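The values are calculated or read from the model by the stated rules, or taken from the named source; none is laboratory data. The model shown is predicted, which means the values in this text are computed figures rather than measured ones. A quick note on method: Cβ atoms are made from the backbone with ideal geometry, for glycine too, and the neighbour counts reach across all protein chains shown.
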Amino acid sequence: MKAMKALGTACLMSAALMTNTLTFAADHRDTGRGTGPIIFVTSQGLYFDSIVVADPLPMKGRFQQLVPGMNGLSTEFGPGEPGHLGGRWWVDLNEDGIMDPEDHFFLCPLLGPGREAP
């Protein structure tokens, strides 16, 4: 029962996060590309459109962290950089800093080229 409650909470938090980021993307996107959130890559200083391909994914394999912030979602590495995992993302829903089953995992590739403004 405790696991079901945690899963339900994670699903609700995930839905809220995705709704907020998709709303941000829809309100601020003028490129007409992608269906997912706009993601800021900190190491490149660029914003990328994205497309949600699979949501959720099982917690198997490697994932790159997406961090919610004032300007939507951000991550450290982008296309062409070691550490970029092709859009296999995790969001730390329980905010413990550790990738675990209570977090959200999904596939959402970045669409290049990146740009300097959202």
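Here are some notes:
- In the stretch 43-55, the residues that are free of Cβ contacts under 8 Å to residues at least 40 places away in the same chain reach residues that are outside any strand (DSSP E or B) and among the charged types (D, E, K, R) with C-beta atoms within less than 9 angstrom, at least six apart or across chains, in these pairs: Ser43/Glu76; Ser43/Glu81.
- Selected residue (criterion: modelled with the lowest pLDDT) from residues of the stretch 73-118 that are of a type in the set (Gly, Ala, Ser) and part of a loop (DSSP other than H, G, I, E, B): Ala117
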